[in-house]
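Accompanying notes for the structure given below.
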Amino acid sequence: MTNNKDSIKDGYGENSDWIELHNPNSSEINLAGLFLTDDRNNLRKWTFPEEAKINSGAYLVIFASGKFKNSPKDPDGNFHTNFSIDSNGEYLALIGSDGLTIIQEFEPVLASTPKNISYGIKTVDADLWSFGYFLEPSPGEQNNGPIVSGFVNDTKFSKDRGLYFEPFSLEISSKTEDCSIVYTEDGSTPTLNNGIEYTEPILIDETRVIRAVAFKDRFVPTNVDTHTYIFPESVIKQPNTGPNLPKYWAGKLADYEMDPEIVNSPEYNDLIIPSLQALPSLSVAINPNDFYNSRSGIYQNPQSQGESWERPVSMEFLSQNDDEEKFQIDSGMRVQGGSSRNPDIPKHSFSLRFRKEYGEGKLKYPLFKNGPFGKSSVQEFDYLQLRGGFNFGWTHRHYYQSKYAQYNRDQFANDLFLAMGNTGVHGRWVHLYINGLYWGIYHIHERPDADYMEAYFGEKESSYDAINSSAATNGSMANYNVMANLTSKRINSPQDYKTLEKHLHVNSFIDYILLNFYIGNRDWDGHNWRAAGNGPDGEPFRFFPWDSEFALSPNNAGAIQSPKPISNALLTDVTNKNGNKRPTGIHQNLMKNDWYKLRFADRIRKHMFNSGPLSPEGAKKIWQKRSLELELPIIAESARWGDYRRDVDSGRWNRSQFDLYTRNEHYRTTQNWIFESYLPNRTEILLNQLIARDLYPTTKSPKFSHLGGQVTNNYTLGIENPNNSGIIFYTLDGSDPHLSSVQTNETILIGENHRTLILIELEDSGLNQKWTQVNYDDSSWQLGETGIGFERTIGEYDEFIKFPILSMLGKNASCLMRLEFTISDQQVLNQISRLILNVKYDDGYAAFINGKFVAGKNNPQTLTWNSRATKSHPDSLAVEFEPVDISQSISDLKIGKNILAIQGMNTSRGGSDFLILPKLSFETRPSNGISANAKEYSSTISLSSSGTVKARILRNNIWSALNEATFIVGTPAKAGNLVISEIHYNPAGNSEENEFVELMNTSNQIIELTGVKFTEGIRYEFNHSKSLKPEERIVITPENYEGQLDNGGERITLIDAQGEIIESFKYDDKAPWYESSDGDGPSLVRIDPKSIFNPNLNTSWRSSADDGGNPGTFDNTQFEGDELIKYAFNDFATQQIEIQNGYIIFNYQKNLLADDITFIPQKSNDLQKWYNVEAFEVISQMKLDKNTANISLKIDNRNENDSSSMKYFRLKLNIIN
């Protein structure tokens, strides 16, 4: 099998290509000394090892992975060759032990093979074999499945899908001789019994959907190729009848027509075609019976739900300009929605389901990248929604909704939530065509379910639960109910709050509630809400805006006899909602806590003031961006559906109560009211509602003289108190000046690189426990620092050991340590509310403060000079801090000098490794709520470094909401001075906790990272003062960021404080990228980061020399000016050349770590003039050992008329300065 996608996995957990051998004899066969090869010129390419045998009648699977290194076997005992098989076809042979005799070969070449299809032998009888392709491979078993002679080459269309204005002749072809091509024009799948046989070019002069398949006897036919050709001139003439189009949908009169009143109107006839060009087109091809059939069609049975009502479709994306690529993908499609499913609604919504049973399994396309907030969107999708626009759409059953139609409402809510800094739902609009019929404007967007969570937050040990209006669509309600029940209790301690935070993402929850208050969402909470997460072992629950079509609405849902005008939307108040275990019920529960109400006020201040997303200017900007996108396209929607209620079916109301809805008379009128009345005034109205609910304090927030951004060094910042009294408190370190009942200040007493005195006794000196006391004389002890330990061989502890004590090995199982720390004064001592000791340890310890025992792990009850740990502590746990609350020892602390004494213990004196790394800290909770880091404002502040300034006012014991602003003092990080320099996306083993991303300052000046953030791949923002010196590196790990790096490769995007892209690229785990970085141990290292080579190219990256990578440092070598050839090729130069179908395959080995050398292939026909080879590609980069890599180049040498055609070849070495 040359294209193994998911048939079997090798011992590395990968889908490597494989070769199967069978022994049909009655005795065992020893394969030792035989050869396998994919090269006619090297018949001894891979040798079977000594242990290679096949029992009588048995089968042996060998993985042709190219992973053969020091051992031919993987962890599961499978053999691996030193070559892989090209799925496009190449030579393959089994060679005898003399290295010459060909036992079996595929000649001239093993043909190109589709994925998960194998090629082999099927026994007809004892003396007759049949060669062919197995559609059901059986590795390690007898070949009994169906067999075919080959595969018909894919069909080719002479014209690509798209929008056209001139007729053309369409040609369809296949390279397979004697095949027949069948095509359809009605959306159905072509078969030998369905469709038109292609015999001559097809005239395309109107909108058509052409689907084609090529067939040949005993060959597997092609897949279905679908191309849609949209002619806007024919679209605007779309009639209300047509061949095979039903007159009724689910018993209601159907409507297909583009209304001539709009198309031919003087107001719109010059705009109707541009309106069809103003959005991308999405063309869906579906079997007409799957859509229209009265028994099985999804549009005739819109209320039928579930997997049995999902139908296969082809989906094509046709961009309206050259900014986006077109694509086609097969998927499943269902009718989607709640009340909009009812038969009285003519325009239904859909969902698209990308599954492997249809094709690719995922849509991989940057669908939302170029839209608002698109930089934070993922580029792979399992589901997409196609929202038709039901509530406040022109086809709605109630006239008082239709007249105020705005198709922007739902995405406006999503955009606001994204603008508030949350992970949310991205969307855009398209023109939808179904089997070539224009169906109107559709809102295509994400769905926040378990797949969405995995895409944005990575896989977790436990699967995600996704909740849709109190019902689980993925997982169960159990974790959600635990979270909801937790909020019903008072949360009034730091421990309670930490528990809550593991279950609920508090800030995004507040933003979600505040957003729905702002849009006055009347049709919300009883339904139309979604949440997803998995609780304390994974991602806390997050809530997402969903189905927000009732945003900015004047009336509640349902039939209303005396509806209010649109102006009533401005006064909507939904702040009193209280649904049990629903979002509003959780909110009302949390309002019992003062800290929550102040946090809510902080989010109000952040989003409703200073041009925030919910401020008049902020909301107008977001609304206008989207409304402009629909300014032209809405004309096409008006022509398609604007007349439905007046002319086709008015439902329960009189036709006269509806109208022919148009852009100028209706759509713009409502939009202008929103823009000129709602958005300018809603913020103040909502603020008063929130004050009445005690969600915003009477103490006004301080005002800054500057709202943040880049400023000069030592910039002078003023802070104003708008109240008639009160004190301004501020911080410059990003912390809150106020400490609530659930917050603490942590102060580190003993941390990294802390001075440590060490003693390893060789005999009992009678110390007993005297060495743990404060005044013990330790002047003869060895001086070191925290991170005490050793390893016989470098392993997991290497990064934590700062002071090696290998002298302990074989001498004593115990090591004594004394660490001095200071309590400055009585005020500090009085404020300590909690004392915490964190220790990373292997295998045990006993800890003392000022001579008194405070904590121990795996320590014997009675300690001696050479005590051993009572049991081992696994390495995987030893590298994690294990906290112990030792608050009972606060009374033992003294002003001035204190001693933490630790006896670290191994299970034996001959243990192979040892680690003790302590961290001692305390928390404070001052009674007045003023943080220890807060300063009282008295005069302007001079800003000398980047960071976030936070300020509050305390007035009459009432704290104001928080005002904050981030200032960048100095040179901001941006494209050109900051790069992603190392990625460890798949560490060895099953755990992802050791993955990391490294950034490097490539400039010659200090740069400021404040505001820099990852928006794709992982999510992380540098919020506070952090700078990088020239060529300095910084590492972030899963402890810092949200999500995880995809082991299969993904796009990773880094943007600067202004939202501009610093770097955005996709790494991969498959050749020609270094596969050794995919779970074998090494990381992926950027070659010469200062040169800023294109990160999208595999040649800009390599594997690290050591397992675990080089976080914070580098491993590259540097040429010292002597013997360049020896340096570049690592003491030897092994080259190999093969000729394959006009291509030269050139293999060479190089110094893996020589990042300062570039290798440039050159050609010549006379050894005098040399030219750089342009037509070549790197097809493989393989790490052979710590310092050596094998590189394979594929060079096109087929242009024999070129004056510089290749007779001679060389590699030119360039030194990067």
Report whether or not LYS347 is of a type outside the set (A, V, I, L, M), assigned to a loop (DSSP other than H, G, I, E, B) and under 30 Å from GLN401 (Cβ atoms).
yes
Selection from the stretch 934-946 of residues that are within 37 Å of the chain's Cα centre (by Cα) and surrounded by fewer than 22 Cβ atoms within 10 Å (Cβ to Cβ):
LEU943, SER944, SER945
In this structure, is LEU1045 surrounded by 21 or more Cβ atoms within 10 Å (Cβ to Cβ), in a strand (DSSP E or B) and either under 19 Å from the mean Cα position of the chain (by Cα) or free of Cβ contacts under 8 Å to residues at least 60 places away in the same chain (or both)?
no
From ARG428, ARG387, residue being surrounded by fewer than 21 Cβ atoms within 10 Å (Cβ to Cβ) and not assigned by TED's automatic domain parsing to the domain that holds LEU628
ARG428
Which residue pairs have Cβ atoms closer than 6 Å, lie 6 or more positions apart in sequence or on different chains, and pair a first residue in the stretch 1-21 that is closer than 14 Å to LYS67 by Cα with a second residue that is among the aliphatic types (A, V, I, L, M)?
ASP17/MET1; ASP17/ALA64; ASP17/ILE85; TRP18/MET1; TRP18/VAL61
Note on the stretch 195-227: residues touching a Ser or Thr at 6+ places or on another chain (Cβ under 8 Å), assigned to a strand (DSSP E or B) and over 26 Å from GLY162 (Cβ atoms) are PHE215, PHE219
Scope the stretch 295-318; condition surrounded by 16 or more Cβ atoms within 10 Å (Cβ to Cβ) and over 30 Å from the mean Cα position of the chain (by Cα); matching residues:
SER296, GLY297, ILE298, TYR299, GLN300, ASN301, PRO302, TRP309
Among all residue pairs at least 6 apart or on different chains, which show Cβ distances below 7 Å where the first residue, located in the stretch 510-528, is in contact (Cβ under 8 Å) with a residue 12 or more places away in the chain and the second is among the polar types (S, T, N, Q) and not in a loop (DSSP other than H, G, I, E, B)?
TRP524/ASN516; ASP525/THR584
Going by the structure shown, is SER931 surrounded by fewer than 20 Cβ atoms within 10 Å (Cβ to Cβ), of a type in the set (Ser, Thr, Tyr) and within 44 Å of the chain's Cα centre (by Cα)?
no
Looking across the stretch 976-1006 at residues that are in a loop (DSSP other than H, G, I, E, B) and of a type in the set (Asp, Glu), the single one that is surrounded by the most Cβ atoms within 10 Å (Cβ to Cβ) is GLU995
Those residues of the stretch 351-365 that are hydroxyl-bearing (Ser, Thr, Tyr) and in a loop (DSSP other than H, G, I, E, B) come to a total of 2
Over 16 Å from LYS1150 (Cα atoms), touching a strand residue (DSSP E or B) at 6+ places or on another chain (Cβ under 7 Å) and among the β-branched types (Val, Ile, Thr): does that describe ILE1137?
no
Conditions (1) of a type outside the set (S, T, N, Q); (2) over 30 Å from GLU261 (Cα atoms); (3) buried (at least 18 other Cβ atoms within 10 Å of the Cβ); number of the one not met by ILE674
(2)
Subset of the stretch 78-107, residues modelled with pLDDT of 90 or more, in a loop (DSSP other than H, G, I, E, B) and among the small types (Gly, Ala, Ser), comes to GLY96, SER97, GLY99
Mind telling me which of the residues ASN610, ASN672 ends up being more than 21 Å from ARG522 (Cα to Cα) and either part of a loop (DSSP other than H, G, I, E, B) or not assigned by TED's automatic domain parsing to the domain that holds TRP529 (or both)?
ASN610
Identify, by number, the condition in (1) surrounded by fewer than 17 Cβ atoms within 10 Å (Cβ to Cβ); (2) without any contact (Cβ under 8 Å) to a residue 60 or more places away in the chain; (3) outside the structural domain of THR1002 (by TED's automatic domain parsing) that GLN1136 doesn't meet.
(2)
State which residue is farthest from GLY709 (Cα to Cα) when the search covers only the stretch 939-955 and only residues that are in a loop (DSSP other than H, G, I, E, B) and at pLDDT 95 or above.
SER939
Would you confirm whether or not the stretch 345-368 contains a residue that is modelled with pLDDT under 95 and either under 30 Å from ASN654 (Cα atoms) or in contact with a helix residue (DSSP H, G or I) (Cβ under 8 Å, 6 or more places away or on another chain) (or both)?
yes
If we scan the stretch 680-688, do we find a residue that is hydroxyl-bearing (Ser, Thr, Tyr), assigned by TED's automatic domain parsing to the domain that holds PRO616 and touching a residue at least 24 places away in the same chain (Cβ under 8 Å)?
yes
Is it fair to say LEU749 is crowded, with 17+ Cβ neighbours inside 10 Å and within 30 Å of LEU783 (Cβ to Cβ)?
yes
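The values are calculated or read from the model by the stated rules, or taken from the named source; none is laboratory data. These numbers were taken from a predicted model, which means no experiment stands behind them. No Cβ is skipped: glycine too gets one built from the backbone with ideal geometry, and neighbour counts run over all protein chains shown.
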